[in-house]
Amino acid sequence: MQLPCYNKLKRKRGQMNKIYDVAIVGSGPAGLAAAIYTARERHSTLVIEKGVVGGLMATIDKIDNYPGFLGVSGGELTEKFWNQAEKFGAELKNAEVLRCCKKDNVVKITTDSGEISTKTLVIATGNSYRKINIAGAERVHYCATCDGPFYKDKNLAVIGGGNSAVQEAMFLAEFAKHINLVVRSKLTASQILLDELKRYKGKIDVRLGAEPAEVVIEKNQVVGLKLVGGEVLPADGVFVFVGSIPSSDRLDGSRTKLDERGYVLTDTDLMTNVPGIFAAGDIRSGNVKQIAVAVGEGATAARSVRRYLESLNF
């Protein structure tokens, strides 16, 4: 996949003094969709991403429910999205946002590599993996696509019972010798995934009512997963998929309101309580966390950005 090489991106002369029409924080499906729409309408568009282009979408092995693409990988879909946004003139900056502050119709975004000024801001930071807090947790993995190939013919433990855990366990089964799917209470994955999971009987064992207590490490190697009660499941690696948390920790100073879980509140036009600041995708309160929905919200946010820009007197 030929995505932008961050360390080869060159800063344009005077870029730090430029006021963009729109800055989009996050390059997941919502952020990239918004960039496609705003750049196509010839609004100067900057996408700010601290990690991998595509966000969590880029780490998904197979996506079956995005219209028009059957069995496409998240990496392939990311590449198509970004290439389209770039074709229309969107720029990409690899940086971590530290603070946002709006004053006199300009949003100032402080990053770890400088300050950016923009007339509008779209928050599309999505979610991050929820970490597990047990002994040895520093040795677990949160990305099957990234780390699964290192465990060919090995024993694995996968913690979680939702869609992500089941889907990633089946992906890991293509490499691993055997997998224990450790589920604290009951499986909550969709029925279509549960039906598919039955095909892996003997390769994936589902351990219901099992609570992880410790990643067992001997001689600096992971050798098992200890459960509450003392049983140790043999495991050369442990993968965790126990939900996600909103990536809203860098919104200090923006004065945008969050709900009780930390997701950004918006109106029906996806504008926050701060005029000119919008939110789209998984970071938005009430979003149902599907790629197709995130893309739709990115397009809606872009439309609202256009209307807002038309109301300004720059």
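When you check Leu227 against the structure, is it modelled with pLDDT of 95 or more and in contact with a helix residue (DSSP H, G or I) (Cβ under 7 Å, 6 or more places away or on another chain), yes or no?
No, not satisfied.
Using beta carbons and a limit of 7 Å, which pairs, at least six apart or on different chains, have the first residue in region 207-236 and charged (D, E, K, R) and the second one part of a loop (DSSP other than H, G, I, E, B) and buried (at least 17 other Cβ atoms within 10 Å of the Cβ)?
Note: pairs meeting the criteria are Glu214/Ile134; Glu214/Gly136; Asp236/Lys154.
Looking at Asp267, Asp259, which is the one that is in contact with a Leu (Cβ under 7 Å, 6 or more places away or on another chain) and either on the phi > 0 side of the Ramachandran plot or exposed (fewer than 14 other Cβ atoms within 10 Å of the Cβ) (or both)?
Just one listed residue meets the conditions, Asp259.
I'm checking my understanding of the structure. Among residues of region 195-245 that are in contact with a Gly (Cβ under 6 Å, 6 or more places away or on another chain) and closer than 30 Å to Val288 by Cβ, which one is least open to solvent (accessible area, probe 1.4 Å)?
Going through the qualifying residues, I end up with Phe241.
So, restricting to strands (runs of 3 or more DSSP E) that lie completely within region 16-110, which ones have at least 3 residues that are open to solvent by 30 Å² or more (accessible area, probe 1.4 Å) and touching a strand residue (DSSP E or B) at 6+ places or on another chain (Cβ under 8 Å)?
97-103
Please go through region 250-279 and pick out each residue that is without any contact (Cβ under 8 Å) to a residue 12 or more places away in the chain and within 21 Å of the chain's Cα centre (by Cα).
Glu260
One residue is enough: does region 142-150 have a residue meeting the conditions touching a Lys or Arg at 6+ places or on another chain (Cβ under 8 Å), touching a residue at least 40 places away in the same chain (Cβ under 8 Å) and among the hydroxyl-bearing types (Ser, Thr, Tyr)?
Checking region 142-150: at least one residue is touching a Lys or Arg at 6+ places or on another chain (Cβ under 8 Å), touching a residue at least 40 places away in the same chain (Cβ under 8 Å) and among the hydroxyl-bearing types (Ser, Thr, Tyr).
Here is a check on your reading of the model: is Ala124 open to solvent by less than 30 Å² (accessible area, probe 1.4 Å) and closer than 30 Å to Gly202 by Cβ?
So Ala124 does not fit the description; no.
Are any residues in region 115-151 outside any loop (DSSP other than H, G, I, E, B) and either hydrophobic (A, V, I, L, M, F, W, C) or within 13 Å of the chain's Cα centre (by Cα) (or both), and if so, which ones?
Matches in region 115-151: Ile116, Leu121, Val122, Ile123, Asn127, Ser128, Tyr129, Ala135, Ala137, Ala144, Cys146, Phe150.
The values are calculated or read from the model by the stated rules, or taken from the named source; none is laboratory data. Only a predicted model underlies this, so the values are computations on that prediction, with no experimental measurement involved. Cβ sites come from the backbone with ideal geometry, for glycine too, and all protein chains shown count toward neighbours. Each accessible area value is taken on the protein alone, full model and side chains, heavy atoms only, with ligands, DNA and RNA left out. Shrake-Rupley method; radii C 1.70, N 1.55, O 1.52, S 1.80 Å.
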